[in-house]
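A.B. asks: One structure, pasted below without further comment.
The values are calculated or read from the model by the stated rules, or taken from the named source; none is laboratory data. Small disclaimer: the values here were computed from a predicted structure and weren't measured. Don't worry about glycine lacking a Cβ; one is built from the backbone with ideal geometry, like all the others, and counts go over all protein chains shown. Protein only, heavy atoms only, side chains kept; ligands, DNA and RNA dropped before computing areas. Shrake-Rupley method; radii C 1.70, N 1.55, O 1.52, S 1.80 Å.
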Amino acid sequence: MSSQQRSTPPTADAPTSETAESETALETARGQLHRATTHLELDDTVLERLEHPAKVHEVTLPLERDDGSVEMFTGYRAQHDSVRGPFKGGLRYHPAVTRDECVGLAMWMTWKCAVMDLPFGGAKGGIVVDPKSLSDDEKERLTRRFAQEIREVIGPTKDIPAPDMGTDPQTMAWLMDAYSMQEGETIPGVVTGKPPAIGGSYGREEAPGRSVAIVTRETCAYYGSPLEETTVAVQGFGSVGANAARLLEEWGATVVAVSDVNGAVYDPAGVDVAAIPSHDEEPEAVTGNADGTRISNAELLELDADVLIPAAVGNVLTEDNADDVRADLVVEGANGPTTFAADSILAERGIHVLPDILANAGGVTVSYFEWLQDINRRKWSAERVNEELEAEIVGAWNDLREEVETRDVSWRDAAYVVALSRIAAAHEARGLWP
């Protein structure tokens, strides 16, 4: 890949996302929506509806701690748009969960499902809690109470939660069991991302990372840089980052840096990512297991690598550091890692950004496969899941490529053109009632 836009090497005191005024997920999502409408003739009433969620549910959750004390927590479930099917989206347990964050992420889920042409709308939710502060028993009690509080608004034909930050297949198992016990029958389709033993799909946990790797491979080939000649830096080594890094290494790419919350490890000759446990396997294991030069997460974002994959948290590429990104290609593994301001700067510099609503859409795509398996009570093999996922992601990537070439727009704008065209068509077909 070309390196004509590369600037000076990163320094230890390079600014991080925390030094800039934070841009909320809702602000970013609305900004991206309005920019995309410049490429489409979108009815004003449809645009107005898409700027706002259909519903936001806020609940208060009492939790009995292991010491007998009772503590109160706040939970949210934002439901954005269901014109194409039931609401779909993750549940995250994190101290920074807010109403607006859930709304913004729900909007992204609406676009993501439409980009993948899945029969779902967008939702997102979570609990304002540090999951590390909870014992397993406390996490189970909090999850079951949350399931009870939102039971009336979720269901396999209403709203289907899935894992997100701070939650996992076990969390989904508890939620499914709590819901099923109240309904009086086992209903595996109320959530996705469950363990395979109770209706979960093989390949679901690895799917977002796999789709990031597939999108990276296809885009590198499109721009004339086969993986064997490509260097990659991956921020975050959770499920998304670890699976993407391992697949890309397996397919021939050189992964030069990976990171966890404590920092990053860099080796221009390549880091042995297969030897590093993911965050799920051993939390915060990168800096303690990988050989190479220790650098900060901020420095990783500015490395001289062909591909940058921010796969940790949102708002890491900001107005403060976008001018210092030296990758030719950014593939978004996390949800909302690039602020609206940073996106404009990267576009001006000729850096291609493959948006999260395509790149990490493997998660919701295999969730759709899981939902189908639960409805039909027929499990797919891991091989079938991966084959179907490959076909869906490559097909969606090609839909975006056609818009990029035809309209001469960025990959993000192409994703919004595809998504909004499908959503607008559904709204126009169904109309507004009453």
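A.B. asks: Which of the peptides 149-157, 229-237 is most tightly packed, and how do the rest follow, judged by the mean count of other Cβ atoms within 10 Å per residue?
C.D. replies: Descending packing order for the listed peptides: 229-237, 149-157.
A.B. asks: While we're here: Return the loop-located chymotrypsin sites (Phe, Trp or Tyr not before Pro) in the stretch 50-151 (DSSP other than H, G, I, E, B) with at most 13 other Cβ atoms within 10 Å of their own Cβ; answer none if there are none.
C.D. replies: Answer by residue number: there is no such site.
A.B. asks: Where is the GNM fluctuation largest for the chain (alpha-carbon springs, 10 angstrom cutoff): 92, 407, 145?
C.D. replies: Judging by the Gaussian network model, the answer is 407.
A.B. asks: What is the list of residues in the stretch 232-258 whose amide nitrogen lies under 18 Å from a point 7 angstrom out from the Cα of residue 291, following Cα to Cβ?
C.D. replies: Answer for this model: 254-258.
A.B. asks: What is the Å³ per residue value for the convex hull set by the Cα atoms of the chain?
C.D. replies: Roughly 141 Å³ of hull volume per residue.
A.B. asks: Same structure again: Within the stretch 416-430, list the residues whose amide N lies under 17 Å from a label point set 7 Å along Cα→Cβ of residue 406.
C.D. replies: Within reach of a label on residue 406, which here means backbone N under 17 Å from a point 7 Å along Cα→Cβ, the stretch 416-430 contributes 416-426.
A.B. asks: Against the empirical 2.2 N^0.38 Å scaling, what ratio does the C-alpha Rg of the stretch 280-434 come to?
C.D. replies: So the stretch 280-434 has a normalised radius of gyration of 1.26.
A.B. asks: Another question, then. Classify the stretch 248-355 as rounded, prolate or oblate, taking a ≥ b ≥ c as the square roots of the eigenvalues of its Cα gyration tensor: rounded when a/c is under 1.5, otherwise prolate if a/b is larger than b/c and oblate if not.
C.D. replies: Judged from the Cα gyration tensor, the stretch 248-355 comes out prolate (a/c at least 1.5, a/b above b/c).
A.B. asks: Taking N as the number of residues in the stretch 207-283, what is its Cα Rg relative to 2.2 N^0.38 Å?
C.D. replies: 1.03
A.B. asks: So for 222, 368, what's the accessible-area order with a 1.4 Å probe, most first?
C.D. replies: 222, 368
A.B. asks: Decide, for the stretch 348-434, between rounded, prolate and oblate: order the square roots of the alpha carbon gyration tensor eigenvalues as a ≥ b ≥ c, take rounded if a/c falls under 1.5, and otherwise choose prolate if a/b is larger than b/c, else oblate.
C.D. replies: Verdict is oblate for the stretch 348-434.
A.B. asks: Now for a different question. Counting alpha carbon pairs within less than 8 Å and at least 6 residues apart, what relative contact order, in whole percent, applies to the stretch 233-284?
C.D. replies: So the answer I get is 38 percent.
A.B. asks: Calculate, in nm to one decimal, what residue 152 and residue 222 gain on full extension: separation in residues at 0.36 nm each, minus their alpha carbon distance.
C.D. replies: Result: 20.5 nm gained on full extension.
A.B. asks: Between the stretch 316-336 and the stretch 205-278, what is the C-alpha centre distance in whole Å?
C.D. replies: Computed from Cα coordinates, the inter-centre distance equals 15 Å.
A.B. asks: When a/c is below 1.5 the answer is rounded, else prolate if a/b is larger than b/c, else oblate, so apply that to the stretch 76-216 with a ≥ b ≥ c taken from the square roots of the Cα gyration tensor eigenvalues.
C.D. replies: rounded
A.B. asks: Sticking with this one: Expressed as a whole percentage, what fraction of the accessible surface of the chain belongs to carbon and sulfur atoms when a 1.4 Å probe is rolled over the protein heavy atoms?
C.D. replies: 46
A.B. asks: Mean separation of Cα pairs under 8 Å and 6+ residues apart, divided by the residue count of the stretch 297-337: what relative contact order is that in percent?
C.D. replies: Rounded, it is 52 percent for the stretch 297-337.
A.B. asks: Using the structure shown, list the pairs from 55/124; 88/112; 139/379; 88/194 with a Cα-Cα distance above 21 Å, or answer none.
C.D. replies: From the list (55/124; 88/112; 139/379; 88/194), the Cα-Cα distance tops 21 Å for 139/379.
A.B. asks: For the chain, what does -39500 (n - 2.57) per DSSP helix run (n ≥ 4), summed and divided by total residues, give at 222 nm, in deg cm²/dmol to the nearest 500?
C.D. replies: -12500 deg cm²/dmol
A.B. asks: What whole-number distance in Å separates the alpha-carbon centres of the stretch 373-418 and the stretch 25-58?
C.D. replies: 22
A.B. asks: Also: May I ask you to list the trypsin sites (Lys or Arg not before Pro) in the stretch 346-388 that are in a DSSP loop and have at most 13 other Cβ atoms within 10 Å of their Cβ?
C.D. replies: 377, 378
A.B. asks: Per residue, how much accessible area does the chain show when a 1.4 Å probe rolls over the protein heavy atoms, in square angstrom?
C.D. replies: 40
A.B. asks: Next question, about the same structure. Mind checking which of 370, 284, 387 has the largest fluctuation in a GNM of the chain, springs on alpha carbons under 10 Å?
C.D. replies: Top of the fluctuation ranking is 387.
A.B. asks: Subtracting the Cα-Cα distance from 0.36 nm times the residue separation, let me have the gained length for residue 65 to residue 44 in nm, one decimal.
C.D. replies: Gain on extension, residue 65 to residue 44, equals 2.6 nm.
A.B. asks: In nm, what is the difference between 0.36 nm times the number of residues separating residue 182 and residue 376 and their Cα-Cα distance?
C.D. replies: Once the chain is fully extended between residue 182 and residue 376, it gains 67.6 nm.
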